[in-house]
Amino acid sequence: MPKTISPLQKARAAYTPKLPKALAMHGSAVKAAMGEPTQSVSDQNEIKVLFPNTYGLPVITFDGPGEKEIPALNVGVILSGGQAPGGHNVIAGLYDGLKKISAQSNLFGFLGGPSGLTDNKYVKFDDAFINEYRNTGGFDIIGSGRTKLETEQQFDTVIKNCKTIGITALVIVGGDDSNTNACMLAEYCARKNAGIQIIGCPKTIDGDMKNEWIEASFGFDTASKVYAELIGNIQRDANSAKKYWHFIKLMGRSASHIALESALQTHPNVTLISEEVQQKKTTLREIVDNIANVVKKRAGAGKNFGTVLVPEGLIEFIPEMKKLIGELNDLLAANTAHFDSLSDSHKLQFVNKNLSDDTSHVFASLPSQIQWQLLADRDPHGNVQVSRIETEKLLIDMVGEVLNEWKDAGKYSGKFSAVNHFFGYEGRCAAPSNFDADYCYSLGYTASSLVGAGVTGYISSVRNLTKSADQWIAGGIPLTMMMNLERRHGKDKPVIKKALVELDSKPFFEFASKREMWAMEDDYQYPGPIQYFGPGEVCDVTTITIQLERN
Ligand code: FBP
């Protein structure tokens with residue numbers, strides 16, 4: 001932490017996050033009401049066989065005073081994957097919850113994400129340590145990382161390290177990949193009778209970890225508000241100067257929730273939704289033609305300016321690009337060492353030679369910069385790092401080419417001057433909105449209650465989020481409930497199912513019913529910065545997505 005802190009940070013440090021009523025009234029040692037047995041989202045028979053010790057557990061709701069005293073607990077926590085606003089409050093809530101159970105409880109933070117667990121690098125928290133980070137953005141309290149924990153050897157090391165410290169429960173704060181690993185680790189610990197409980201916590205700005213019980217992943221609220229502020233500012237600039245088209249790529253590795261939410265908040269002229277592109281099998285050329293048509297129409301109305309929102313994951317949803325990326329993934333995974341040893345020109349030759357005819361043609365048609373971005377290292381989970389692929393620049397170039405063709409044919413006479421932006425890292429460590437500050441603190445506190453309840457293989461769940469916090473419902477759901485089988489590296493693997501944008505959902509309908517109007521009329525909205533102090537209707541509003549989904 002810096003030696004001096006800003007006045008806002010000082011005032012923010014004094015903010016007391018709100019808790020669901022059951023936890024505010026009864027503390028973290030609260031009664032756990034067990035619901036009906038559960039099942040996985042699909043592939044029930046296969047998942048049941050793979051997780052014999054943690055499958056079918058009941059949904060838990062915390063709803064009354066605890067019935068027995070819980071002894072002091074030693075718990076470890078990791079932050080895993082991409083940063084998301086509110087992570088520090090999850091740890092603060094967990095710490096406070098554990099101390100409420102017993103002042104002798106201890107919380108240990110493993111450093112740098114999952115690798116901290118295997119390398120046995122950790123800190124022990126105390127009041128002064130935690131107090132410095134309350135209500136702040138970032139994951140810098142203990143850092144984060146993307147190391148994949150999946151082998152039995154890694155699991156054994158984790159168990160050994162926890163036992164040496166005396167830790168009997170681990171809280172894993174992460175997205176779908178990290179919670180998939182949490183689910184595997186929970187099953188392994190249960191099978192080995194290791195005496196270590198595993199509890200997950202739903203994190204990701206991408207908003208793609210949600211279902212009936214996990215209404216939102218934390219960080220989505222704050223991050224999308226930061227992006228909406230920036231988009232609003234750009235739209236005001238565009239509408240003032242009236243000379244630029246702004247192409248804005250927004251984070252969201254697969255799902256387009258951030259792009260959709262940003263569109264609902266700011267009403268841009270064009271927004272691409274990857275899931276719609278996939279469903280309609282829209283080709284890259286068709287996407288480009290659609291954007292060029294809006295540019296042309298607006299030019300016809302004297303408007304040579306506008307905004308286009310591009311979801312980061314788009315490239316993987318365009319049919320021909322998806323096929324290309326799939327072939328590249330297999331090719332690179334099977335030949336990593338050989339590929340790495342080649343010179344740049346030989347790398348391109350190797351790829352061209354080994355791709356199928358159609359795909360090789362698509363690859364060859366791409367600008368060299370994009371070709372190299374597609375060949376860059378995959379993340380530890382085998383994903384293409386879409387944040388590094390400059391789709392927004394590719395679209396600008398291609399739209400420009402089409403407009404030039406139309407100009408030559410006398411079909412278009414406007415001016416197309418485009419600026420590219422990528423908003424991602426700007427939003428991931430912002431100071432959490434009131435919603436995320438409260439939600440994250442509640443998720444952490446709920447995790448301490450799940451540890452206190454002695455369960456394992458659960459993920460912290462706080463529901464009823466469009467109501468005021470005192471009406472939120474705290475509990476937990478089994479991680480196995482979210483699992484299904486997916487094809488990874490040529491094999492069926494159990495993974496948490498990602499929640500993509502549904503095209504029959506209210507948020508998508510709302511967007512689809514307005515987008516034609518937004519294309520031509522400048523109905524730009526300027527949401528402005530997140531407000532932390534002031535009237536509830538300004539400071540405590542949730543995302544439009546969750547309002548439409550839940551009300
Ligand atoms: P998580 O799924 O781990 O929360 O990360 C999401 C994300 O922010 C994506 O939006 C983005 O594609 C990715 O992380 C970027 O990863 P990195 O931080 O490794 O560059």
Of the numbered conditions (1) more than 16 Å from the ligand (Cβ to nearest atom); (2) within 30 Å of LEU314 (Cα to Cα); (3) among the β-branched types (Val, Ile, Thr), VAL451 fails exactly one; give the number of that condition. (2)
Residues located in the stretch 166-176, provided they are surrounded by 19 or more Cβ atoms within 10 Å (Cβ to Cβ) and either under 18 Å from GLY109 (Cβ atoms) or more than 16 Å from the ligand (Cβ to nearest atom) (or both): ILE167, ALA169, LEU170, VAL171, ILE172, VAL173, GLY174
Residues (away from the ligand (no atom under 16 Å from the Cβ), out of contact with any helix residue (DSSP H, G or I) (no Cβ under 9 Å at 6 or more places or on another chain) and either charged (D, E, K, R) or assigned to a strand (DSSP E or B) (or both)) located in the stretch 177-201: ARG191
Residue in the stretch 390-414 that is surrounded by the fewest Cβ atoms within 10 Å (Cβ to Cβ), counting only those that are within 16 Å of the ligand (Cβ to nearest atom) and not in a loop (DSSP other than H, G, I, E, B): GLU392
Is it the case that some residue within the stretch 144-155 is surrounded by fewer than 24 Cβ atoms within 10 Å (Cβ to Cβ) and in contact with a Lys or Arg (Cβ under 9 Å, 6 or more places away or on another chain)? yes
Of the residues LEU50, LEU107, which single one is more than 16 Å from the ligand (Cβ to nearest atom), touching a strand residue (DSSP E or B) at 6+ places or on another chain (Cβ under 6 Å) and free of Cβ contacts under 8 Å to residues at least 40 places away in the same chain? LEU107
Show the residue pairs meeting these rules: Cβ distance below 7 Å; 6+ apart or different chains; first residue within the stretch 249-264 and part of a loop (DSSP other than H, G, I, E, B); second residue within 9 Å of the ligand (Cβ to nearest atom) and among the hydrophobic types (A, V, I, L, M, F, W, C). MET251/ILE205; MET251/ILE258; GLY252/ILE258; ARG253/VAL386
Among the residues of the stretch 303-322, is any more than 33 Å from the chain's Cα centre (by Cα) and in contact (Cβ under 8 Å) with a residue 40 or more places away in the chain? yes
With the condition being out of contact with any helix residue (DSSP H, G or I) (no Cβ under 8 Å at 6 or more places or on another chain) and crowded, with 17+ Cβ neighbours inside 10 Å, I'd like the helices (runs of 4 or more DSSP H) fully within the stretch 1-54 carrying at least 1 qualifying residues. 7-13, 21-26
If I filter the stretch 53-90 down to residues being touching a Pro at 6+ places or on another chain (Cβ under 8 Å) and over 30 Å from ALA14 (Cβ atoms), which single residue comes out as nearest to the ligand (Cβ to nearest atom)? THR54
Write out, first by first residue and then by second, each pair whose Cβ atoms fall under 8 Å of each other, whose residues are 6+ apart or on separate chains, and whose first residue, in the stretch 170-189, is within 20 Å of ALA255 (Cβ to Cβ) while the second is assigned to a helix (DSSP H, G or I) and of a type in the set (Gly, Ala, Ser). VAL173/GLY87; GLY174/ALA182
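For the stretch 422-523, please list each of the strands (runs of 3 or more DSSP E) lying entirely inside it that holds at least 1 residues being within 20 Å of the chain's Cα centre (by Cα) and acidic (Asp, Glu).
Result: 483-488.
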Go through the stretch 415-434 and give me each residue that's more than 16 Å from the ligand (Cβ to nearest atom) and either of a type in the set (A, V, I, L, M) or at pLDDT below 95 (or both). ALA418, VAL419, ALA431
If ALA447 satisfies all but one of (1) out of contact with any strand residue (DSSP E or B) (no Cβ under 6 Å at 6 or more places or on another chain); (2) closer than 27 Å to PRO58 by Cα, what's the number of the condition it fails? (1)
Give, as residue ranges, the helices (runs of 4 or more DSSP H) completely inside the stretch 319-384 that count at least 1 residues that are modelled with pLDDT of 90 or more, touching a Ser or Thr at 6+ places or on another chain (Cβ under 8 Å) and of a type in the set (Asp, Glu). 319-334
Condition (residue is aliphatic (A, V, I, L, M) and more than 13 Å from the ligand (Cβ to nearest atom)) applied to the stretch 202-214: is it met by at least one residue? yes
Here are some conditions: (1) under 30 Å from TYR188 (Cα atoms); (2) modelled with pLDDT of 95 or more. LYS491 meets all but one. Which one does it not meet? (2)
Suppose the filter is farther than 21 Å from ASP436 by Cβ and in contact (Cβ under 8 Å) with a residue 40 or more places away in the chain; does TYR133 pass it? no
Scan the stretch 232-271 residue by residue and report those that are more than 16 Å from the chain's Cα centre (by Cα) and within 16 Å of the ligand (Cβ to nearest atom). ILE248
Positions within the stretch 115-130 being touching a residue at least 12 places away in the same chain (Cβ under 8 Å) and either of a type in the set (Lys, Arg) or in contact with a helix residue (DSSP H, G or I) (Cβ under 7 Å, 6 or more places away or on another chain) (or both), in sequence order: LEU117, THR118, ASN120, TYR122, LYS124, PHE125, ILE130
Considering SER387, SER360, SER365, which residue is more than 16 Å from the ligand (Cβ to nearest atom), over 15 Å from LEU284 (Cα atoms) and hydroxyl-bearing (Ser, Thr, Tyr)? SER360
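Considering LYS203, LYS249, LYS163, LYS192, which residue is crowded, with 24+ Cβ neighbours inside 10 Å, at pLDDT 95 or above and farther than 27 Å from VAL462 by Cα?
LYS249
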Please give the number of the condition ASN290 fails out of (1) of a type in the set (S, T, N, Q); (2) farther than 26 Å from ALA376 by Cβ; (3) part of a loop (DSSP other than H, G, I, E, B). (3)
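The values are calculated or read from the model by the stated rules, or taken from the named source; none is laboratory data. Everything numeric in this text was worked out from a predicted model, so none of it was measured. Reconstructed Cβ throughout: ideal geometry from the backbone, glycine too, with neighbour counts over all protein chains shown.
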